[in-house]
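**Q** What follows is a structure written as structure tokens; I'll ask about it next.
The values are calculated or read from the model by the stated rules, or taken from the named source; none is laboratory data. Every value quoted in this text rests on a predicted model; they were computed, and no experiment measured them. We place every Cβ from the backbone using ideal geometry, glycine too, and count neighbours over all the protein chains shown. The protein model used for the area step is the full one, side chains on, heavy atoms only, and it has no ligands, DNA or RNA in it. Shrake-Rupley method; radii C 1.70, N 1.55, O 1.52, S 1.80 Å.
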Amino acid sequence: MSIAVQVEGLLAGQCQVGLATMKKSLISTFVAVVAIAGWLIASALGISLPFDVGGSQPSGAYVDVAEQLDELPVKGRAPKTGYSREEFGPAWKDVDRNGCDTRNDILRRDLEDLTYKDDTKGCVVASGTLDDLYTGTTIDFVRGPDSAQVQIDHVVALSDAWQKGAQQLSKTEREALANDPLNLFASQGRANSQKGDGDAATWLPSNKDFRCQYVATQVAVKSKYSLWVTAAEKEAISDVLSGCTGDVPWADPVPEPGVSR
């Protein structure tokens with residue numbers, strides 16, 4: 001083969017590579033332009049997008065959540081040795097001394113169209129409707145044989161907390177953690193059972209619209225009670241937070257009916 005033919009073949013190959021690179025660059029540029037244009041149109045219409053254009057950084061109040069996450073210690077799970085529900089006090093203790101147990105406090109907060117059991121001074125919920133944040137479904141709650149269709153979930157599961165620092169807390173602090181409205185949501189019983197004692201690395205709500213609030217709550221609770229996260233857990237929370245923007249819809253406190261605190 002002559003040198004001229006070899007040179008011609010080399011130039012042709014380089015040309016093909018150059019065209020492929022140019023095509024790839026043009027596609028990337030087009031995608032970026034479309035994304036920016038979509039963001040500008042949404043902004044002009046006053047539509048809040050559930051993610052930032054880059055899709056890699058939280059914004060709004062979730063920036064503070066991400067910073068709070070970075071302040072949490074990162075360690076492995078401690079042994080579950082010694083764990084029992086009783087280590088966190090009696091189930092659903094009336095820690096705020098409003099005359100109602102914590103389970104009914106959360107049912108009153110999270111359900112709508114409530115009715116109450118007679119002679120309980122407006123404490124014991126007899127029925128109501130739950131717009132379940134975990135699954136995005138609506139559940140009719142009726143106290144009785146099917147009460148377990150709605151359960152109260154500890155966002156930071158007590159077993160998970162035990163393995164990540166709660167062993168070092170006082171009994172009073174553990175009782176506060178188990179009954180803190182910040183750490184509690186009424187949820188579909190099946191979803192709560194599926195979660196078990198999982199952290200964000202092993203379980204997230206199927207309702208993706210709730211995941212930002214869910215992991216933000218886990219970070220807030222772990223920070224409040226001096227708990228730690230595992231490396232995998234931190235990575236999973238960071239992945240969710242990267243697509244979060246706006247204000248964090250924190251769960252409301254509860255007192256009433258007897259009001260105290």
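**Q** For residue 171, go through the lysines and keep the ones whose alpha-carbon is under 20 Å away, minus same-chain ones fewer than eight residues off.
**A** Filter leaves 80, 93, 222, 224.
**Q** Report residue 226's accessible area, 1.4 Å probe, all protein chains in place, as a number in Å² to the nearest 10.
**A** 90
**Q** While we're looking at this one, here's another question. Give me the percent relative contact order of segment 111-245, please, defined on Cα pairs under 8 angstrom at least 6 residues apart.
**A** Relative contact order, segment 111-245: 24 percent.
**Q** Please identify every one of the trypsin sites (Lys or Arg not before Pro) in segment 112-157 that sits in a loop by DSSP and has no more than 12 other beta carbons within 10 Å of its own beta carbon.
**A** Taking segment 112-157 and a limit of 12 other Cβ atoms within 10 Å, the loop trypsin sites (Lys or Arg not before Pro) found are 121.
**Q** Would you kindly derive the ³J(HN,Hα) couplings of segment 169-186 from the backbone phi angles with the Karplus curve 6.51 cos²θ - 1.76 cosθ + 1.60 (θ = phi - 60°), listing them in order in whole Hz, with x for Gly and Pro?
**A** Those phi angles translate into 7, 6, 4, 5, 5, 5, 4, 4, 4, 5, 10, 6, x, 4, 9, 10, 9, 5 Hz.
**Q** For residue 209 and residue 250, calculate 0.36 nm times their separation in residues minus their Cα-Cα distance, and state this gained length in nm to one decimal.
**A** Full extension of this stretch gives 13.3 nm more.
**Q** Turning to a different aspect of this structure: I'd like the Karplus ³J(HN,Hα) series for segment 92-106: coefficients 6.51, -1.76, 1.60, θ = phi - 60°, whole numbers in Hz, and an x wherever there's a Gly or Pro.
**A** 6, 5, 7, 6, 8, 6, 9, x, 10, 6, 4, 4, 6, 4, 6
**Q** Could you state the number of Å between the C-alpha centres of segment 88-122 and segment 192-236?
**A** 25
**Q** Here's something else I'd like to know. Ordering 94, 119 from largest to smallest accessible area (1.4 angstrom probe), what's the sequence?
**A** 119, 94
**Q** Round to the nearest 10 and report in Å² the accessible area of residue 203, as given by a 1.4 Å probe over the protein chains' heavy atoms.
**A** Solvent-accessible area, nearest 10 Å²: 40 Å².
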